[in-house]
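Novice: Sending over a structure as structure tokens; questions will come in a sec.
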Amino acid sequence: LIVHKLMRNCIEANILTSCGKGKTVFIFRIPVIPANVPFQFKRLQFSIRVSFAMSINKAQGQTLKVAGLQLQGPCFSHGQLYVGASCVGAKVNLFYLSTPK
């Protein structure tokens, strides 16, 4: 997912992979009422998992299952692009994001 807009009760995002590729989706907060506490309360949370990002320089020597490279700005050198692309074992697990021309 690429998050386009964060709102108080909703997240607007685009799907990058799978059958919904390119679709805009809205993720709403869902109520969660825990049963393992002696009192009742309701908490609203988004049903998403946060991923992490690292710079290409920090990725050197790292092995990742899935990686995405954001190429909306120019890379400093071809070596940085090579490091970013080579940290994934299979090419089907490497995704690029670039601006259309």
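Novice: Looking at region 1-48 only, could you name the residues that are farther than 30 Å from Phe95 by Cβ and of a type in the set (Phe, Trp, Tyr)?
Specialist: Let us first name the residues in region 1-48 that are farther than 30 Å from Phe95 by Cβ, namely 31-44.
Selection gives Phe39, Phe41.
Novice: I need the full set of residues from region 15-37 which are touching a residue at least 24 places away in the same chain (Cβ under 8 Å) and part of a loop (DSSP other than H, G, I, E, B), in order please.
Specialist: Taking region 15-37 first, the residues touching a residue at least 24 places away in the same chain (Cβ under 8 Å) are 16-17, 25.
Leu16, Thr17, listed by residue number.
Novice: Now for a different question. Just give me the residues in region 17-46 being surrounded by 10 or more Cβ atoms within 10 Å (Cβ to Cβ) and at pLDDT below 80, in sequence order. Spell out the reasoning first.
Specialist: So in region 17-46, the residues surrounded by 10 or more Cβ atoms within 10 Å (Cβ to Cβ) come out as 17, 20, 23-30, 32, 34, 43-44, 46.
Selection gives Thr17, Val32, Pro34, Arg43, Leu44, Phe46.
Novice: Would you pick out the residues in region 50-101 that are surrounded by fewer than 10 Cβ atoms within 10 Å (Cβ to Cβ) and at pLDDT 80 or above?
Specialist: Lys65, Ala90, Lys91, Val92 - these are the residues of region 50-101 that are surrounded by fewer than 10 Cβ atoms within 10 Å (Cβ to Cβ) and at pLDDT 80 or above.
The values are calculated or read from the model by the stated rules, or taken from the named source; none is laboratory data. Given the structure is predicted, the values throughout are model-derived calculations rather than measurements. All Cβ positions, even for glycine, are placed from backbone atoms using ideal geometry, and neighbour counts span all protein chains on display.
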